[in-house]
Amino acid sequence: MALDDQIQKTHEAALKKGELIFTDTTVETFSEDGVEYELRLVPQLEKKPVQASNEESSDKSAKPTNPFLPYNPDLCVTELEKHVVLLNKFCVVPGHLLVVTKEFERQSLPINPSDFAALWKTMTSVHKQKTLGFYNSGPMSGASQPHKHMQILPLEKLEVPPMDQFFVNTKLVPGKTSQLPGLPFLHYGVLFDQEKIKELKEPEAVGEYLVDLYSDLLDSVFENVAKYHLGEGIRLEGPVSYNLLVTSTWMLIVPRKEEKFGQISVNSLGFSGMLLFRSQEDLDLVKRIGYMRLLSSLTYPLPNAEPVKSEPLPAL
Ligand code: AMP
């Protein structure tokens, strides 16, 4: 059965059985400097169980639960060699997939070639809609589960995530780690060499190619984040948190300094230009302060950046 059909069949059966919780949302677009961001209100988000990233939990008596080991078979779409593809139990976009390692691995570890192959194979097997792949890694990334899982979100009506605009506006050399003019915080992006992807064809080979590009981006991130902390006189401890976004044409990594602005928790989706809100007040707050200012408050400054001269963000 084609993956699209498998996803739909699993979604319908899990919904009927009460194993998948679908929440209806409302979406507003917010225009800033020519980019149309998507602001999605999910009031029910508050009802979702909050699972602390228990990797570094200080409460030794708390028994960490892992929803991916064992995983819920009613949410399983398909099995790959080393991964299982699950539906996101708390679903706001039908077909939101998790690509989870069969054996426990930490979410703070880098994605390896077999992870990337599994992500790419799954992304390229979804044909009904365009998709966005992402990975929230580390305590400030917005991840809630410590077991390694990449995610794939169908883009519904969109062809590309809003952040694509920053790639479109720039002439990039395929395969070269680059910074995107217009993004006011530390980030590294790369455009894929489409000829190479066509040549490599097999997901395993493409996975190897993408992992090489990703490793280059990560090296630049680690180097710059370490420099920033050395500059502050603070030793960098623990894993560097970051968000990774993957489309069919580019990849972007944004290292994270903070997880939240007030009550607004931001993960990779926020850096793709799509934000989820629990309340209208939070949504309105972002419209007031601006999308890029919100993202800037959660990230590191660009290397050699001038201090920001705009008005300070409101205290919360
Ligand atoms: P993150 O919050 O980025 O770590 O992603 C973890 C995702 O797993 C969240 O979006 C949750 O909605 C989802 N989730 C939580 N429990 C389960 C479960 N038992 N089965 C499938 N997905 C789950």
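The values are calculated or read from the model by the stated rules, or taken from the named source; none is laboratory data. This structure is a prediction, so every number in the text was calculated from the model and none was measured. Quick reminder, even Gly has a Cβ in these numbers, built from the backbone with ideal geometry, and neighbours come from all protein chains shown.
Quick notes
- For the range 45-70, taking the residues that are surrounded by fewer than 18 Cβ atoms within 10 Å (Cβ to Cβ) and at pLDDT 70 or above, the one that is farthest from the ligand (Cβ to nearest atom) is identified as Pro64.
- Just one of the listed residues (Lys157, Lys130, Lys148) is under 25 Å from Asn112 (Cα atoms), out of contact with any strand residue (DSSP E or B) (no Cβ under 6 Å at 6 or more places or on another chain) and of a type in the set (Lys, Arg), and it is Lys130.
- Scanning the range 91-108 for residues that are assigned to a strand (DSSP E or B), more than 16 Å from the chain's Cα centre (by Cα) and under 15 Å from Phe22 (Cβ atoms) yields a count of 0.
- Against the test of being within 19 Å of Leu252 (Cα to Cα) and away from the ligand (no atom under 15 Å from the Cβ), the options Phe134, Phe116 yield a single qualifying residue, Phe116.
- Sub-8 Å Cβ pairs linking a first residue in the range 101-115 that is without any contact (Cβ under 8 Å) to a residue 40 or more places away in the chain to a second residue that is in a loop (DSSP other than H, G, I, E, B) and among the basic types (Lys, Arg), at least 6 apart or interchain, are Lys102/Lys82; Glu103/Lys82; Leu109/Lys148, ordered by first then second residue.
- Single residue of Phe166, Phe185, Phe104 found to be farther than 18 Å from Asn243 by Cα and of a type in the set (Phe, Trp, Tyr): Phe104
- Filtering the range 192-213 to residues that are under 14 Å from Lys121 (Cα atoms), modelled with pLDDT of 95 or more and basic (Lys, Arg) leaves only Lys198.
The rows are residues; the columns are (1) at pLDDT 95 or above; (2) closer than 19 Å to Gly182 by Cα; (3) of a type in the set (A, V, I, L, M).
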| residue | (1), (2), (3) |
| --- | --- |
| Gly270 | yes, yes, no |
| Met274 | yes, yes, yes |
| Arg278 | no, no, no |
| Asp282 | yes, no, no |
| Met292 | yes, yes, yes |
| Leu298 | yes, yes, yes |
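- Residue tally, condition more than 14 Å from the ligand (Cβ to nearest atom) and under 14 Å from Gly207 (Cβ atoms), over the range 82-110: 2
- Residue satisfying condition, being within 12 Å of the ligand (Cβ to nearest atom), over 22 Å from Asp212 (Cβ atoms) and not acidic (Asp, Glu), within set Pro139, Pro154: Pro139
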